[in-house]
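Enquirer: This is the structure I want to talk about, given as structure tokens.
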Amino acid sequence: MRPRRIIEVGLPRLLAWCLLGFLFVPILVVIPVALTDRDYLSLPQDGMSTEHFAALADWGKGWLPSMLTSAGIALACAVIATALGVTFAVGAWAAGGWWPSFMRILLLSPMIVPPIIYAVGMVKLWARLSLLDSYTGVVLVHVVLALPLTVLAIGASLSNLDQRLVQAARSLGARPMTVFGKVILPNIVPGVAAGALLAFVASWDEITVTLFITGRAVVTLPRRIWTSIQDAVDPALAAIATVLLVVTVLALVARALVERRQRQQKF
Amino acid sequence: MALLVIEDLAKTYDKVTALAGINLSVEAGEFVTLLGPSGSGKTTLLMSLAGFTTPSKGTIRLDGKNITHVDPEDRNFGFVFQGYALFPHLTVANNIAFSLRVRKWEKAKIAARVTEMLSLVGLDNLAERKPRELSGGQQQRVAIARALAFGPRILLLDEPLSALDRMLRETMQKELKRLHRETGVTFVYVTHDQEEAIAMSDRIAVFNHGRIVEVGPPRDLYKKPSTRFVAGFLGENNFLSGHRADDDETMVEAFGTRFGFAPLRGHRERPGDTLTVWVRPEDIRIGQATGDEIGFRATVVENSFVGAVERILLKTVDGEEMVATLRSEAAVAAAPGQVVDCRIHPSAIGVLPGEASGS
């Protein structure tokens, strides 16, 4: 290879691989760590062990209940945030005028305000409303944090939709609810699904505000991880990370397969 | 009684007047075109008829009933949109069946009607396609079939052909005329294309600045316009300035000559008053005037071949420019720079009050 070619092609390529390595190696390293035979965070030394995976499934150790708690809260948050997001985004899309843009800024503000400031405010408010350390309190807070994500995802889907479809449907005799159910909703399914997924993930790994407003009753997975690393770094963390990694990869593969099948149907 | 009666309809947005007092009656089965330049109010009127725009003033009556504030879904008017606005997630058949499902027709009846509509617009074998798999012309047919499926009282069409190329536009014009004839549905059609309006309509309402300037059958508006705007907007026209001759009430002076003309309706010109004289390009001929014909001399400025005819730009002795369209063989003599004799029959000349240059 000539020197110029090394500089123009080889060097950028090397840099790209380094970057990829920087992104992925720390993630992949959790897999051997999860299989360690020691009870502290380390690489396997005298052979591999699945005891940390077994610990995850042990109800008494608290990991499993926390995962279920987080999953339940994230699911509730995804459902509520998506429902509200669809309502707002469709309303703003159909109405036009100045107030939708104003409301959009207001709705996106949870993304702009630093979570720590929001957390302090929520502690005060929830204390007054006796919602501290309650499922309702956590779900409500997560919904507020997830709402900007669902509104953005659904709004993006709507921006590609011809506004005259509403007029067309009404001229054909459809009442507003029918227009929503039979015309608008079927056309924004991808945006709604993306919004729901984003809301679920946002709730699933939310820690800052959750730390402030929960105690003993509601222990989400991020909260349990947080607590566990304060005394000893348990290799069970690496096991959890491995499980999540596998689930994520499976989800991505499933999505790719579904998309490929849809494309094949189209042609 | 007319099917649709529009009385004194007005619409203002903040300070902009979109419609300034529209009065129009549409008979059952008529093909009425709302023609005008963009921003003249024709689309606002159509949107008010559909119920998408709430008028500030006035009433719309259907069969004598006031429907000004009835919801669009309760009017039973079909609407064909400029960009078709087909439902992208539904097949052609389901697009057409939409209005029937909303009306809770029986399944068998819906299937029969969809088949009937598909064959009406000639798309029998495309029932299961999605709109994005169709060409522009096919999408337009689906949009029309969808709007006609439920048997609308009136079909409203908003520049439906503007997105199509010229050839397809002419085919679709004929298609629309056929559908109008076969279904007997009343059509209210918006366009800014005067050729389209002339070719299709029973009557044209010409719009300008939020008002209807003139209404009438295309032939009448073309042959006997009573305003300078319509004379200039519908077809090509030449305007010259003339004036009332001072000795006789029916004489007009123009082309360096004077000729008799019927008094203008509703106007009382005094001798010497300025008048607008118009003559269509196809009514100017080359050659020596005979009999009643008015003759004048003009210099050929430009001669361009445009297919069936030649367009010849003439300059009269008074310095006024006119366009004449001549059959090619008649135009041979008219080389640029040449001075030619021109002739016009007085019956082809129109006279309107006011200055020629103003609109």
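Laboratory data are not the source of any read-out in this text; all were calculated from the coordinates shown. Model, not experiment: these values are computed from the prediction. We place every Cβ from the backbone using ideal geometry, glycine too, and count neighbours over all the protein chains shown.
Enquirer: List, largest first, the extents of the alpha carbons of the protein assembly as shown along their principal axes, each in whole Å.
Expert: Sorted from largest, the Cα extents of the protein assembly as shown read 123, 76, 52 Å.
Enquirer: Between helix A:135-159 and chain A, what is the angle of the helix's C-alpha long axis to the longest principal axis, kept within 0 to 90° and rounded to the nearest 10?
Expert: Value to nearest ten degrees: 60.
Enquirer: Ranked by Cβ crowding within 10 angstrom, fewest neighbours first, how are B:Phe255, B:Phe79, B:Phe52 ordered?
Expert: Listing B:Phe255, B:Phe79, B:Phe52 from fewest to most nearby Cβ atoms yields B:Phe52, B:Phe255, B:Phe79.
Enquirer: For the stretch A:138-220, which trypsin sites (Lys or Arg not before Pro) are in a loop by DSSP, counting at most 16 other Cβ atoms within 10 Å?
Expert: Sites meeting the loop and neighbour criteria: A:Arg216.
Enquirer: Something else about it: Looking at the square roots a ≥ b ≥ c of the eigenvalues of the Cα gyration tensor of chain B, which shape do they give, rounded for a/c under 1.5, prolate if a/b is larger than b/c, or oblate?
Expert: Because a/c hits 1.5 or more and a/b exceeds b/c, chain B counts as prolate.
Enquirer: Let me ask you something else. Where in chain B is the longest stretch that carries no trypsin sites (Lys or Arg not before Pro) classed as loop by DSSP and with at most 10 other Cβ atoms within 10 Å? Walk me through the numbers before you get to the answer.
Expert: Numbers: sites that count: B:Lys15, B:Lys104, B:Arg265, B:Arg268.
Between the exposed loop sites, the longest stretch runs B:105-264.
Enquirer: Among B:Asp202, B:Asp318, which comes first, second and so on when ranked by fewest other beta-carbon atoms within 10 Å?
Expert: Listing B:Asp202, B:Asp318 from fewest to most nearby Cβ atoms yields B:Asp318, B:Asp202.
Enquirer: Summing Lys, Arg as +1 and Asp, Glu as -1, what charge do residues with Cβ under 11 Å from the Cβ of B:Glu195 carry, B:Glu195 excluded?
Expert: -2
Enquirer: Which shape class applies to chain A: rounded if a/c is under 1.5, otherwise prolate when a/b exceeds b/c and oblate if not, where a ≥ b ≥ c are the square roots of the Cα gyration tensor eigenvalues?
Expert: It comes out oblate by the Cα gyration axes.
Enquirer: Would you mind ranking A:Trp63, A:Trp99, A:Trp226, A:Trp93 by Cβ crowding within 10 Å, fewest neighbours first?
Expert: Ascending number of Cβ neighbours within 10 Å: A:Trp99, A:Trp226, A:Trp93, A:Trp63.
Enquirer: Quick one: how many lysine pairs in chain B have C-alpha atoms under 29 angstrom apart, if they're 8 or more apart or on different chains?
Expert: Pairs that pass both the separation and distance tests number 26.
Enquirer: Using only Cα atoms, find the angle between the long axis of helix A:11-28 and the longest principal axis of chain A, and express it within 0 to 90 degrees, rounded to the nearest 10.
Expert: 80 degrees
Enquirer: All other residues with a Cβ under 13 Å from the Cβ of B:Val323 taken together, and with Lys, Arg as +1 and Asp, Glu as -1, what is their net charge?
Expert: Net of charged neighbours comes to -4.
Enquirer: Can you tell me how the stretch A:65-218 classifies by the Cα gyration tensor, rounded, prolate or oblate, using a/c under 1.5 as the rounded cut?
Expert: Prolate, because a/c is 1.5 or more and a/b exceeds b/c.
Enquirer: With springs only between Cα atoms under 10 Å, which of B:Ala348, B:Ala97, B:Ala231 fluctuates most in a Gaussian network model of chain B?
Expert: B:Ala348
Enquirer: Let me ask something else. Taking the Cα atoms only, what angle lies between the long axis of helix A:115-128 and the longest principal axis of chain A, rounded to 10 degrees?
Expert: 80 degrees
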